[in-house]
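Notes follow the structure.
The values are calculated or read from the model by the stated rules, or taken from the named source; none is laboratory data. Keep in mind the model is a prediction, meaning the values are calculated, not measured. Positions of Cβ are generated from backbone atoms using ideal geometry, with glycine treated the same way; all protein chains shown enter the neighbour counts. Accessible surface areas use protein heavy atoms only, side chains included; no ligands, DNA or RNA. Shrake-Rupley method; radii C 1.70, N 1.55, O 1.52, S 1.80 Å.
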Amino acid sequence: MSFIGLIGRELRLSARHGADTLAALLFFVLAASLFPFAVGPAPETLARIASGVIWVCALLAALLPLDRLFGGDFEDGSLDQLLLSGMPPAMLALAKAVAHWLVTGLPLLLAAAPVAVMLRLPMENIPILIAGLLPGSMVLSLLGTLGAAIVLGARRGGVLLPLLVLPLAAPVLIFGVGAADAAMTGLTPRPHLLLLAAMLAGALPLAPIAAGAALRAASE
Amino acid sequence: MEIASNAQPSGGRNLHRFANPGQFLRLSGRILPFLAVSALVLTGIGVFGGLFMAPADYQQGDAVRIIYIHVPSAWLASSAYMGLAIASLFSLVWRHPLADLAAVEIGPVGAAATALCLATGSLWGKPMWGAWWVWDARLTSVLVLFFLYLGHIGLIRAFDDPQRGYRAGAILALVGVVNLPIIKFSVEWWNSLHQPASITLTGAPTIAGSMLWPLAFCALGFTLGFAAIVTARLRAAVMERRIRALLLARAQEA
């Protein structure tokens, strides 16, 4: 199976389990809309925390489908077939990460703008938030794929997964929110965005290699 | 898959795999008492010197004395992670059975050192910075290190087949190495409340000699103590595997 073919397979699979795919998006919107109830609807408070809330909720929502990213393939033997197909395991992991981003990251990115409006983030800052989320969500997909591959076959893997991915994702969160906050205070978000892009450039080759090694270990 | 290893779990083969660890048991049994005693003596001298002989800081007063615990545990926290990463590399590349066990056993000790570093740092921060905790680059990166240790401890024990746990834990440990340079350079890259390093490989230390020598004793004592605890844990783990292999062999004969 080719790289593109594998991504197509993942997209078809998630289209046929539409409810699972939408659940992460729904979680994102619901979790973000809890904050006005929790901290009060004062516009200045909400505007101050909006970018942080959106980032944290997006990060947690992106973790939700990771449990099943390799789980189904591992249980029914498709993973062994895919590894036998001659495709390098790193390539397989990268295809899964791309599929995860298309199915989870991209919808979150689209939903972030309306949620930001609801959280009273000033209109002119929304493009900066999205510009940070774009590379940020890609790094999260890559790290998430890595985490999902590592916990494959573990007891309580679903509980373990956030414990492994969240510390690794902390820098992405710091610089993502940093970009949005810099724009709020009138500073340039450029260095934060460049650092996010650098993390993406680092994670893009390294995370699939590590995830591929974990996949091969899981199917031994 | 795992069929090959399940089909012939002969006790003899398992024991053969641990022929090298047998040598480790003999060697470490001889070294361990020296390690433990010298760790206790050096730490004792260092703590005594730090508490009673070194002068109080002209700005920080007696509160500075926590440095004799804080700095050695911080060194230990990151060098133990380096040790974990090296053991993981051996485990992943050469499938060395001792490295597998070392990765399992270093984790909790390193996590304890990191917890000690965070706790003493917090106690030191309250009188100096006026807060138990600040979200500073150095503190945050050490906290991430602590979480990485906890994740590794959880992961490596979460598989029914220990070999799978070793592989997964090794990959996680190697991925987490990216955090080490961040910890090291966090006080230089960001404006930090945390002071930069006083002791570097190049250049003279920016700490008075009367304060430096107890610190050196403590650091050496902590390092030897870490080595002693890990060696003892490793011996226990090897013996545990041996007992299991022997019981397995006996069960097969019966």
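Using a 1.4 angstrom probe and counting only protein chains, how large is the accessible area of A:C57 in Å², to 10?
10
At 10 °C and a viscosity of 1.306 mPa s, what translational diffusion coefficient does Stokes-Einstein give for segment B:110-171, taking Rh as the Kirkwood radius over Cα pairs? Give it in µm²/s as a whole number. Don't skip to the answer; put the middle values down first.
On the way: Rh = 13.1 Å.
The diffusion coefficient I find is 121 µm²/s.
Semi-axes, largest first, in whole Å: what does sqrt of 5 times each Cα gyration tensor eigenvalue give for segment A:3-219?
Details: eigenvalues 206, 64, 40 Å².
Three semi-axes, in Å: 32, 18, 14.
Of A:L108, A:L84, A:L142, which has the largest mean-square fluctuation in a 10 Å C-alpha GNM of chain A?
So, out of A:L108, A:L84, A:L142, the one fluctuating most is A:L84.
About its Cα centre, what dipole magnitude does segment A:8-91 give when the only charges are +1 on Lys and Arg Cβ and -1 on Asp and Glu Cβ, stated in debye to the nearest 20? Don't skip to the end; give the middle numbers.
Numbers: 5 positive and 8 negative charges, 61 e Å.
So the magnitude is around 300 debye.
Once the Cα atoms of segment B:210-254 are picked out, what are the Rg and Dmax in Å?
19.5, 67
Could you calculate the FRET efficiency of B:R95 with B:S38 from 1/(1 + (r/R0)^6), where r is the beta carbon distance between them and R0 is 35 Å, rounded to 0.05? Don't skip to the end; give the middle numbers.
Details: r = 33 Å, r/R0 = 0.94.
Efficiency for this residue pair is about 0.60.
Dimensions of segment A:150-218 along principal axes (Cα, Å, largest first)?
So the extents along the principal axes, rounded to whole Å, are 48, 25, 10.
Taking the radius of gyration and the Kirkwood hydrodynamic radius from Cα positions alone, what is the Rg/Rh ratio for the protein assembly as shown, to two decimal places?
On the way: Rg = 25.2 Å, Rh = 24.8 Å.
Reported Rg/Rh, Kirkwood definition of Rh: 1.02.
Please work out the FRET efficiency for the pair A:L106 and B:M53, using the Cβ-Cβ distance as r and a Förster radius of 45 Å; give the result to the nearest 0.05. Walk me through the numbers before you get to the answer.
On the way: r = 64 Å, r/R0 = 1.42.
Computed FRET efficiency for A:L106 and B:M53: 0.10.
If you place +1 on the Cβ of every Lys and Arg, -1 on the Cβ of every Asp and Glu, and leave all else neutral, what size is the dipole of segment A:46-106 about its Cα centre, to the nearest 20 Debye? Intermediate results must be reported in sequence, preceding the final value.
Working: 3 positive and 5 negative charges, 87 e Å.
In debye, rounded to 20, segment A:46-106 gives about 420.
Compute the relative contact order of chain A as a whole-number percentage, counting only Cα pairs closer than 8 Å that sit 6 or more residues apart in sequence.
Working: 263 pairs, mean separation 60.4, N = 220.
Dividing the mean separation by the residue count of chain A yields 27 percent.
Need the full-extension length gain, A:A38 to A:S78, defined as separation in residues times 0.36 nm minus the C-alpha distance. One decimal, nm.
Length gained, A:A38 through A:S78: 10.0 nm.
Calculate one ³J(HN,Hα) per residue across segment B:108-115 by plugging θ = phi - 60° into the Karplus curve 6.51 cos²θ - 1.76 cosθ + 1.60, and present them in order as whole Hz with x for glycine and proline.
Using θ = phi - 60°, the values come out as x, 5, x, 4, 5, 4, 5, 4 Hz.
Using the beta-carbon distance between B:R242 and A:L22 and R0 = 51 Å, what value does 1/(1 + (r/R0)^6) give for FRET efficiency, to the nearest 0.05?
With R0 = 51 Å, the Cβ-Cβ based efficiency is 0.45.
Give me a comma-separated list of calculated 3J(HN,Hα) values for segment B:172-180, in order, Karplus coefficients 6.51, -1.76, 1.60 applied at θ = phi - 60°, integers in Hz, x for any Gly or Pro.
With the stated coefficients, segment B:172-180 comes to 4, 4, 5, 5, x, 4, 4, 6, 4 Hz.
Using unit Cβ charges (K, R positive; D, E negative) and no other charged atoms, how large, in debye to the nearest 20, is the dipole of chain A about its Cα centre?
Values: 11 positive and 11 negative charges, 21 e Å.
Magnitude of the dipole: close to 100 debye.
Given N residues in segment B:16-141, what is Rg(Cα) / (2.2 N^0.38 Å)? Walk me through the intermediate numbers first.
Working: Rg = 18.8 Å, N = 126, 2.2 N^0.38 = 13.8 Å.
It is 1.36.
Could you derive backbone 3J(HN,Hα) for segment B:152-169 from the dihedral phi with the Karplus parameters 6.51, -1.76 and 1.60 (θ = phi - 60°), listing whole Hz in sequence and x where the residue is Gly or Pro?
Working through the residues one at a time gives 5, 4, x, 5, 5, 9, 8, 10, 5, 8, x, 4, 5, x, 4, 4, 4, x Hz.
Rounded to two decimals, what is the ratio between the C-alpha radius of gyration of chain B and 2.2 N^0.38 Å? Provide the component values of the computation, followed by the final result.
On the way: Rg = 21.2 Å, N = 254, 2.2 N^0.38 = 18.0 Å.
Normalised Rg, Cα atoms only: 1.18.
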